[in-house]
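Take a look at the structure set out below.
Laboratory data are not the source of any read-out in this text; all were calculated from the coordinates shown. Because the structure is predicted, anything quoted here is derived from the model rather than measured. So basically every Cβ, Gly included, is an ideal-geometry build from the backbone, and we count neighbours across all protein chains shown.
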Amino acid sequence: MAARPADGDDRRGIERELKRGSLELIVLHLLSLGEAYGYEIVTALTERTNGSLEVTDGTLYPVLYRLERAGFVAVRWETPQRGVPRKYYRLTKPGQAELAQLTREWNTFASAMSSLLRQQPERT
Amino acid sequence: MSADYEYIERVIDQLPREATLRAQVAMELRSHIAERLEHGNSVEEALQQLGDPVVLAESYLAAIPLIPASFGRRAVARILDALGVVAVCAPIVWLIAIKTEFFFVILTIGVLLSAAALYPLLAEYFFGTTIGKRAMGLRVVRESGARITFGQSVVRQLPVFLEVFWIDVLFALFTEKHQRAFEILSKTRVVTAMENES
């Protein structure tokens, strides 16, 4: 069977996979800028990347839960003057170490990829 | 029931029947939805942001590692369950034996044995564990970590009813995740309880 060129759905799928793999790094980085609650993280991501990186709540919250269980973020609940209780997330010491590690890995990967993609076909 | 509560119920329904995990996820989702509403989104928009409830539940569950239960712990859990059956049944049989005729004793033993065979099926479906498994810190889950369905619970117990239990058990000695053949078939696993994670 001939390979089918990636249609719209497949393309979005690839983008989703890329995003999923880097989401922990994204969240850890955003939290290194200061404590935040879920909605803030979602909107900060959109704003800081001019909308080119956008996640839904349903993608973000399980990632936060995973980071919480792994001990990379600490949480506290706070009830504002009026309104519902909010869950605030902040980076822990192990979280900072994880962020540094993931950042290094990302940079290595990204520079390897870009140097690979810069290579021109050899002339014969 | 309003749409958001219904949504949360559908997410919670997929999770193992552990009160703390369910309460935690429910509280979190209520807070996130309320936050969206405060920022001018409608309930529909808030729920759309969260996506399919089953997918969301499985994403949450992906954060919880599933550690296969060792063969030894499973064997002890089985023995405990069997002892429990004997402890419950022996007095009943004894009582019947001194009060009535031999025929009723046989009948009672038959009924109790069927009940004993049905116990794990019902307990694993309703509670995600049996008394013996609970004592050994074990629970039964789907491969995604979600709670098992009734059908899966039935398939898990089929070898008992088909009388191939001992052959089925041997599989657990050799398979990667210590699964019995009928566990692989039903796509279920026996893993350590959440509080026993290292």
TODO: Kindly point out which whole DSSP H helices in chain B project their C-alpha atoms 27 angstrom or further along the helix axis while averaging a Kyte-Doolittle hydropathy of 1.6 or above.
DONE: B:102-127
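Kyte-Doolittle mean at least -1.0 and Cα extent at least 18 Å along the axis: which DSSP H helices of chain A qualify?
Details: long enough: A:8-32 (35 Å, -0.38); A:57-70 (20 Å, -0.28); A:93-118 (38 Å, -0.38).
Flagged H segments are A:8-32, A:57-70, A:93-118.
Which ordering of B:His39, A:His29 is given by a fewest-first count of other beta-carbon atoms within 10 Å?
On the way: B:His39 11, A:His29 17.
Fewest to most other Cβ atoms nearby, the residues stand as B:His39, A:His29.
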Open item on the list: Give the lysines whose C-alpha is closer than 21 Å to that of B:Lys177, dropping any in the same chain fewer than 8 places away, or say none.
Closed with: B:Lys133, B:Lys187
- [ ] Sum -39500 (n - 2.57) across every DSSP H segment of at least 4 residues in chain B, then divide by the residue count to get the 222 nm mean residue ellipticity, nearest 500.
- [x] -22500 deg cm²/dmol
TODO: Evaluate the charge dipole of chain B about its Cα centre and quote only its size in Debye, nearest 20, assuming +1 on the Cβ of each Lys and Arg and -1 on the Cβ of each Asp and Glu.
DONE: 900 debye
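What is the mean number of Cβ atoms from other protein chains located within 10 Å of the Cβ atom of each residue in peptide B:53-62, rounded to a whole number?
Numbers: counts 1, 0, 3, 6, 1, 1, 9, 5, 2, 4.
Neighbouring Cβ atoms belonging to other protein chains average 3 per residue here.
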Task: Dipole moment magnitude, nearest 20 debye, the protein assembly as shown about Cα centre, only Lys, Arg, Asp, Glu C-beta charged - done: 800 debye
- [ ] Can you put B:Leu50, A:Leu33 in order of Cβ neighbours within 10 angstrom, beginning with the fewest?
- [x] A:Leu33, B:Leu50
Open item on the list: Charges on Cβ only, +1 for Lys and Arg, -1 for Asp and Glu, centred on the Cα centroid of chain B; of B:Gly137, B:Asn41, B:Thr188, which one is farthest towards the dipole's positive end?
Closed with: B:Gly137
- [ ] Have a look at A:Arg82, A:Arg104, A:Arg69 and tell me which one the Gaussian network model of chain A (Cα, springs below 10 Å) gives the largest fluctuation.
- [x] A:Arg82
Open item on the list: If neighbour count is taken as other Cβ atoms inside 10 Å, put B:Ser59, A:Ser114 in order from fewest to most.
Closed with: A:Ser114, B:Ser59
